[in-house]
């Protein structure tokens, strides 16, 4: 058993655990185990039931507001579990400071992060904050609304209906959708055969995010679509599914953190597109939930609603599933990577089974049958040498057809 960002060991009961209570309450919750040393060895605590009262008193006297927690005693090992739930009334302060977890350590949040916690505690999204600019133009938004839902008039009442104008003030969402948008935009780079060869660079800024979306789609069409003529018929060929790219760009604009001074980056290569958006997952959402579409909360609900009304996105939270579904006929799949500050989606050029060489196809078919295999298991099924199997696996992995998990003897490969 090892410490993680949601699990901490304390051999003794000292005031230092209160910082971690603050951190767990401010973010994703967690557990503090008392009577366990840093190496995960059980040491026990004398009179654990009595010491629970000491822990309660320290929390109640030092953490404000009152966090949501419970204590459990293991009488056999004489250990205490302090389970802290994510709080609703953030920020939770210890000595007038808010804390967060940084891997297995606990650190004080900076002023930027503290502002986020305050807004979250007040149930206010950054996009809803009022701005001082009282003159914004919405020509592009008006055009898109007329095209999508055939509105007859566009005025302040329209903006109020879209929650872009309240109490005589525009909000950040309004500026993002306006023609005067000054937020960081989208940086598109089209590369050649290597990252050192840049064929074209496009910087989309000082325009509505709706226009950014449309221009990004047009750039994709220019580089990843072509027509194939067969007699009197024209067939559109998509090297990368258009639906996947549309959903990825919409996802980046809707779910990014707009309080970060960073651009969305789109890197277009011959074999793939990488979309990186600033801001990690919303607190409390796991990567598995993100990929499965089980997103119950939105970072930017106002912007999301506008995109929904315009028909750019469908049911909230299904975008990732639609990206995955668009690759159903391809042997290589999209890749989703998340970190504290970014979300990256990689869309590979689609490949069919017929693109594989015979040996590669034989190995690929094994994964279709067995799902997960080690090198030793593969060697027992094919008449190839270990080095040849390794070469094939590395090639399939490079092409995002299979994935590798584990280390050493525990290494496995799967689709």
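If each DSSP helix of 4+ residues adds -39,500 (n - 2.57) and the sum is divided by the residues in the chain, what number results at 222 nm, nearest 500 deg cm²/dmol? If you can, show how the numbers build up before the last one.
Values: 14 runs with 142 residues, N = 415.
Only helices count here, giving -10000 deg cm²/dmol.
If you project the alpha carbons of the stretch 265-415 onto their three principal axes, what span does each projection cover, largest first, in Å?
59, 31, 26
Working out 0.36 nm times the residue gap between residue 107 and residue 404, then minus their Cα-Cα distance, what length gain in nm do you get to one decimal?
Computed gain between residue 107 and residue 404 is 103.6 nm.
On a C-alpha basis, how far is the centre of the stretch 11-45 from the centre of the stretch 71-104 in Å? Whole number, if you could?
So the two Cα centres are separated by 7 Å.
With labels modelled as points extended 7 Å from the Cα through the Cβ direction, what inter-label distance (nm, one decimal) is found for residue 160 paired with residue 133?
Roughly 2.3 nm, to one decimal.
Return an integer: the convex hull volume of the alpha-carbon atoms of the stretch 128-177, in Å³ per residue.
Expressed per residue, the convex hull around the Cα atoms of the stretch 128-177 is 72 Å³.
May I ask you to derive the FRET efficiency for residue 46 and residue 233 from their Cβ-Cβ distance with R0 = 60 Å, giving the value to the nearest 0.05?
My answer for the efficiency is 0.10.
For the stretch 33-156, what number results from the quotient of the Cα radius of gyration and 2.2 N^0.38 Å?
Its radius of gyration relative to the 2.2 N^0.38 Å reference: 1.77.
What is the Cα centroid distance between the stretch 192-259 and the stretch 269-299, reported in whole angstrom?
Centre-to-centre distance over Cα atoms comes out at 19 Å.
Taking a label point 7 Å from the Cα of residue 70 along the Cα→Cβ vector, which residues of the stretch 4-27 have an amide N closer than 20 Å to it?
It comes to 6-8, 21-22, 24-27, nothing else.
With a point put 7 Å past each Cα toward its Cβ, work out how far residue 191 is from residue 387 in nm, to one decimal.
About 3.1 nm, to one decimal.
Over the chain, what relative contact order in percent results from Cα pairs under 8 Å that are six or more residues apart? Present the calculation step by step, with values, prior to reporting the outcome.
Details: 708 pairs, mean separation 42.4, N = 415.
That works out to 10 percent.
Within the chain, what percent of beta bridges assigned by DSSP are antiparallel, to the nearest 5?
85 percent
Please sort 206-215, 100-109 by packing, taking for each peptide the average over its residues of neighbouring beta carbons within 10 angstrom, highest first. If you can, show how the numbers build up before the last one.
Details: 206-215: 20.5, 100-109: 16.0.
The peptides rank, most packed first, as 206-215, 100-109.
Two decimals, Cα atoms only, Kirkwood Rh: what is Rg/Rh over the chain?
Rg divided by Rh gives 1.05.
If packing is taken as the average number of other Cβ atoms within 10 Å across a peptide's residues, how do 406-415, 249-258, 72-81 rank, most packed first?
Order by mean packing, descending: 249-258, 72-81, 406-415.
Starting from the Cα of residue 57, step 7 Å along the direction of its Cβ; do the same at residue 81; then give the gap between the two resulting points in nm.
Placing both labels 7 Å beyond Cα along the Cβ direction yields 2.6 nm.
Quick note: the coordinates plus some simple rules give every number you see, no bench work behind them. These numbers were taken from a predicted model, which means no experiment stands behind them. Every residue, glycine among them, receives a Cβ derived from its backbone with ideal geometry; neighbour counts consider all protein chains shown.
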